[in-house]
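Heads up: the structure comes next, in structure tokens.
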Amino acid sequence: MTARRTNLPDRPPPVILLMGPTASGKTRVAMSLARRLPVEIVSVDSAIVYRGMDIGTAKPDPAMRAEAPHHLIDIIDPTDAYSAARFAADAWRLVAEIHARGRIPILAGGTMLYFKAFREGLAELPPADPAIRRRIDMLAAERGWPALHEILRTRDPDTAARLEPTDAQRIQRALEVCELTGAPMSRLISAAPAPPAPSPVLCISLEPSDRSVLHARIAERFDGMLAAGLVEELSALRVSHSLHPDLPAMRCVGYRQAWQYLDGVLDRDGLRLTGIAATRQLAKRQLTWLRGMQDLRRLDCLRPDLEAVVIETIESAIAQPDKLP
């Protein structure tokens, strides 16, 4: 039976942002939307952009991608870097193209900085400086990342407040920007002009009413990744690419822990426990971001009728776009 399709108005429909922490069911909901509405899905995920990193990113499989058009998946190699500013430019371009095809853009994922860049714009930050990064890394090796987090708190309290004391990659970048520009990164980002929206934006946030259920989902999901061959996937990537553990791709949750396992730093139990703990910390950071965002339609990701409620919310927004913020 052919799924019923909502009739779209003459003007472009709203841009749908589908946000939520890891394991909140965003992919499942996005695919349900694709079976009901004429949508194209734009991935908002800083790990899914990498080719060959399939298992540890829970990348949509070929069947899903055949069922609905997906974008910003498998666009760079694990040796490359992808920025929030580049994402915002790519996403706005795709929104225009999807609207031109008479379809609805669904931006779905959990990389909150990418959503922020898309919604509010992002300042052009300076490129990485290897010398400064080496100095920061040496200081971290001597004093530990929590100590550098305290230094960041004195220089850029807004950025430090949303980072965990062990978030080495982001602490390093924030301190680097402070040194290069003499200004807090948070101030530079907030000063960026917002991009002009071609149509209303509907922001839906899938958030758990019970964190323990989300934590159970995270454990089950990570166990599934290990069973599916996460370690073997990384082992093959280390053979086919010139990788090192400081690359952004290798700092992704799951791959960082699998790297430590392959190097003998962790045993199998340690890999599982640290991987699950790191994923839970990621979910906590994502929820912290979401709490600070405005104009979100917050839905309990654990409710049994979630997919129906999301569809109803979007259909209402299509019918009455003037009521959107």
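Computed from the C-beta positions of ARG11 and GLU312 and an R0 of 25 Å, the FRET efficiency is 0.75 to the nearest 0.05.
The simple spin-label model puts a point 7 Å past each Cα toward its Cβ; for ARG134 and MET64 those points are separated by 4.2 nm.
If TRP259, TRP145 are ordered by their accessible area, calculated over protein heavy atoms with a 1.4 Å probe, which sequence runs from highest to lowest?
On the way: TRP259 25, TRP145 55 Å².
Reading off the accessible areas and sorting them downward yields TRP145, TRP259.
Given R0 = 22 Å, the distance between the Cβ atoms of ARG298 and LEU273 translates into a calculated FRET efficiency of 0.10. Taking only alpha carbon atoms, segment 220-277 gives an Rg to Rh ratio of 0.94, where Rh is the Kirkwood radius. Here the 3J(HN,Hα) profile of segment 227-236, calculated from phi with Karplus coefficients 6.51, -1.76 and 1.60 at θ = phi - 60°, is 5, 7, x, 4, 5, 5, 4, 5, 4, 5 Hz, Gly and Pro shown as x.
Residues whose amide H comes within less than 5 Å of that of LEU302, counting only those at least five positions distant or on another chain, are SER209 (H built at 1.01 Å from N in the peptide plane). Within straight-line reach of LYS59, meaning a Cα separation under 12 Å, sit the following aspartates and glutamates at least 8 residues removed in sequence or on another chain: ASP45, ASP74. Converting phi to 3J(HN,Hα) with the Karplus coefficients 6.51, -1.76 and 1.60 and the offset θ = phi - 60°, segment 89-96 yields 5, 5, 5, 5, 5, 5, 4, 4 Hz in sequence order, with x at every glycine or proline. A full extension of the chain between SER199 and ARG153 corresponds to an added length of 12.8 nm, given 0.36 nm per residue minus the alpha carbon distance.
Would you mind telling me the share, in percent, of accessible area of the chain contributed by carbon and sulfur at probe 1.4 angstrom? Walk me through the numbers before you get to the answer.
Values: 7920 of 15230 Å².
About 52 percent, which is the carbon plus sulfur part of the accessible surface.
GNM remark for the chain: springs join alpha carbons under 10 Å apart, and the peak mean-square fluctuation among ALA131, ALA277, ALA174 falls on ALA131. Candidate values (1) 38.1; (2) 17.1; (3) 21.7 were compared with mean projected area of the Cα convex hull in nm² computed on the shown model; the agreeing label is (2). Using r as the Cβ-Cβ distance of ARG35 and GLU142, and R0 as 56 Å, what FRET efficiency do you calculate, to the nearest 0.05? Rounded to the nearest 0.05, the efficiency is 0.55. Between the amide H of ARG51 and those of ILE75, ILE76, ASP77, distances stay under 5 Å, these residues lying 5 or more places away or on another chain, with hydrogens modeled in the peptide plane. Database remark: amide H of VAL39 closer than 5 angstrom to the amide H of ILE104 (H placed geometrically; neighbours at sequence offset of 5 or more, or on other chains; Pro and chain starts carry no H). Taking θ as phi - 60° and the Karplus parameters 6.51, -1.76 and 1.60, the scalar couplings of segment 112-122 work out to 5, 5, 5, 4, 4, 4, 5, 6, 10, x, 9 Hz in sequence order, x denoting glycine and proline.
Put a dot 7 Å past the Cα of ARG162, heading toward its Cβ, do the same for SER242, and the two dots end up 3.5 nm apart.
The values are calculated or read from the model by the stated rules, or taken from the named source; none is laboratory data. Predicted model, so just to flag it, every value in this text is computed and none were measured. As a convention, Cβ positions derive from the backbone with ideal geometry for all residues, glycine included, and neighbour counts pool all protein chains shown. Note: accessible area is taken over every heavy atom of the protein model, side chains too, but ligands, DNA and RNA are not part of it. Shrake-Rupley method; radii C 1.70, N 1.55, O 1.52, S 1.80 Å.
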